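Trainee: Below is the structure I would like to discuss, written out as structure tokens.
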Amino acid sequence: MTEVQEICEDTAIVVETTPDGVLVELEKNETCGSCSASLFCMGSGSTKRFKVKTSLDLQPGDRVVLNISSGTRLFSSFIVFIMPVLLMLIFYAVGRFLFSLNEQWSVFVSIMGLLVSFFLIIIIDRRVENKLNVEIADKL
């Protein structure tokens, strides 16, 4: 059985060239404006930067097509949306049932779980930032 992996494409602008690749800036596209999660994936700014290894002859200002694997997008979505909810539930259950805390303290402990998840997201982001499966497909 052959595994089929869907790849999503985005456009980016080359910001800087280095001997081993380029620094590209991902642009918000038309679909980002209607997406309620665009604040999470792009942050408060309108761009996201990636270091990408390539053998293409690119110059700053060139527009390129980026292939971002669906696995990378799925992993990112899990970390940002599912992990905080899971940690809140786990922290609530530990406080309520393991330590026999009352309702108010259990809710407080679950909020601490949410805060812990935010710090974990920052740590995970810094560790996998340059290991994401992003490739330059073509020059526009």
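Trainee: Name, by its number, the condition in (1) under 21 Å from the mean Cα position of the chain (by Cα); (2) small (Gly, Ala, Ser); (3) modelled with pLDDT of 70 or more that does not hold for GLY45.
Mentor: (3)
Trainee: Is it true that GLN59 is modelled with pLDDT of 85 or more, of a type outside the set (A, V, I, L, M), assigned to a loop (DSSP other than H, G, I, E, B) and exposed (fewer than 15 other Cβ atoms within 10 Å of the Cβ)?
Mentor: yes
Trainee: Would you please list the contacts, defined by Cβ atoms under 9 Å and residues six or more apart or on different chains, that run from a residue in the stretch 112-133 that is in contact (Cβ under 8 Å) with a residue 60 or more places away in the chain to a residue that is assigned to a helix (DSSP H, G or I) and among the aromatic types (Phe, Trp, Tyr)?
Mentor: LEU132/PHE75
Trainee: Scan LEU87, LEU98, LEU140 and give me the residue that is in contact with a Gly (Cβ under 9 Å, 6 or more places away or on another chain) and not aromatic (Phe, Trp, Tyr).
Mentor: One residue alone meets the criteria, LEU87.
Trainee: Residues being in contact (Cβ under 8 Å) with a residue 40 or more places away in the chain and surrounded by fewer than 12 Cβ atoms within 10 Å (Cβ to Cβ): count how many of those fall in the stretch 62-80.
Mentor: Within the stretch 62-80, residues that are in contact (Cβ under 8 Å) with a residue 40 or more places away in the chain and surrounded by fewer than 12 Cβ atoms within 10 Å (Cβ to Cβ) number 0.
Trainee: Has the stretch 82-97 got at least one residue that is within 14 Å of the chain's Cα centre (by Cα) and loosely packed, with under 14 Cβ neighbours inside 10 Å?
Mentor: The answer is yes, given that some residue of the stretch 82-97 is within 14 Å of the chain's Cα centre (by Cα) and loosely packed, with under 14 Cβ neighbours inside 10 Å.
Every residue, every condition in (1) exposed (fewer than 12 other Cβ atoms within 10 Å of the Cβ); (2) among the polar types (S, T, N, Q); (3) closer than 18 Å to VAL80 by Cβ, yes or no:
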position: LEU101; (1), (2), (3): no, no, no
position: TRP105; (1), (2), (3): no, no, no
position: VAL109; (1), (2), (3): no, no, no
position: LEU120; (1), (2), (3): no, no, yes
position: ILE123; (1), (2), (3): yes, no, yes
position: ARG127; (1), (2), (3): yes, no, yes
position: ASN133; (1), (2), (3): no, yes, yes
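The values are calculated or read from the model by the stated rules, or taken from the named source; none is laboratory data. Just so we're clear, the structure is a prediction, and the values are computed from it rather than from any experiment. Cβ sites come from the backbone with ideal geometry, for glycine too, and all protein chains shown count toward neighbours.
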